[in-house]
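Visitor: Below are the structure tokens for one structure; questions will follow.
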Amino acid sequence: MSKRQLALILATLFCLLSPAVQAGLGIGLSAAAFSHQGDQTLRAAGYGFAIWAVIYLGLAAFAVFQGRRARRDDPLLGALAAPAALAIVGAGAWIWASAFNARWLSVAIIVGSAAVLTLGLARQTRRVEPLDRSAAVLAWTPLCLLAGWLTIASTLNILTVLTAEALIAPGSARAAFAGLGASALIALSVLLHRRMWPYGLPIVWGLVAVWVAEQTVKPAVAALALACAAVIGLVVVTQAWRSLSGRIARAV
């Protein structure tokens, strides 16, 4: 096993064990308690965070897949190793930053993790040959899902911290609109890369969770979240279809 493979396995273990250890030992604030300090501006329904179960399962599969001897010299995995490791460690580190109520550190961690992984994936859409099926399912898709969720979670985290620090008024519709608009623009720019379509799935999921949470208290914010989800969802479906069509054409 190479150093790169071992590093990714250790990074994944840290990411998966951090929430279990923090919750099991009752260390500091829970993620929900941390967010509740400033979630008056933009909230997502609690069920939305269940997506972490899918992401954790995908990361576990990715760690095992990339650790196989046959993948030791895989060019895609080699190119993605650094951004993937940083983002995976970041997902675990965020748990500890929020537990100790390190608000600005939590923002730096989640935004940095989202940026480094998203940019790392986007660069490879033009440099790597068409993915084989196993790499697409067990490496590319889990990392895209993590990058997408970190993107929409960054918006929630930033607005939560700004509200908790009294830098914006609680419930500011203008701030919520700005956050949702920025998330949508980032998502759409990333989805210009056809292979990045899985990245959009957790963003749509998160935006729908915002719509569910805000439709009674802030209907205009909820409507914008749903509209953004619809547009991004349409682009995801279009890009997924084009990607699948291209794969079928190459197979023929």
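Nothing in this text is a laboratory measurement; each read-out follows from the coordinates by a stated rule. The shown structure was predicted, so the numbers you read here are calculated from the model rather than taken from an experiment. All Cβ positions, even for glycine, are placed from backbone atoms using ideal geometry, and neighbour counts span all protein chains on display.
Visitor: Along the charge dipole of the stretch 3-247, pointing to its positive end and built from +1/-1 on Cβ of Lys, Arg, Asp and Glu, which listed residue (Gly233, Leu42, Ala108) has its Cα farthest out?
Guide: Selected residue: Gly233.
Visitor: Could you order peptides 236-244, 205-213, 150-158 by the average number of other Cβ atoms within 10 Å of their residues, highest first?
Guide: Working: 236-244: 15.2, 205-213: 23.0, 150-158: 25.0.
My ranking of the peptides, most packed first, is 150-158, 205-213, 236-244.
Visitor: Using only DSSP helix segments of four residues or longer, with each worth -39500 (n - 2.57), what per-residue ellipticity at 222 nm results for the chain after dividing by its residue count and rounding to 500?
Guide: Details: 9 runs with 188 residues, N = 252.
Calculated mean residue ellipticity at 222 nm is -26000 deg cm²/dmol.
Visitor: Looking at Ala53, Gly148, Thr125, which one has the Cα that reaches farthest to the positive end of the dipole of the chain (charges on Cβ: Lys, Arg +1; Asp, Glu -1)?
Guide: Towards the positive end, the residue furthest out is Thr125.
Visitor: While we're on this one: So, how do all the Cα-to-Cα distances of the stretch 2-52 break down into 5 Å bins, in percent, from 0 on up?
Guide: Result, from short to long distances: 4, 15, 17, 19, 17, 12, 8, 5, 2, 0 percent.
Visitor: If every alpha-carbon in the chain counts as one equal scatterer, what log10 I(q)/I(0) does Debye give at q = 0.07, 0.08, 0.09 1/Å?
Guide: The Debye formula, applied to the Cα set alone, gives -0.24, -0.31, -0.39.
Visitor: Cα centroid distance between the stretch 122-194 and the stretch 1-72, in Å?
Guide: 16 Å
Visitor: Can you tell me the dipole magnitude for the chain around its Cα centre, using point charges on the Cβ only (Lys, Arg +1; Asp, Glu -1), in Debye to the nearest 20? Mind showing how you got there, number by number?
Guide: Details: 19 positive and 7 negative charges, 174 e Å.
Dipole of the chain, to the nearest 20 debye: 840 debye.
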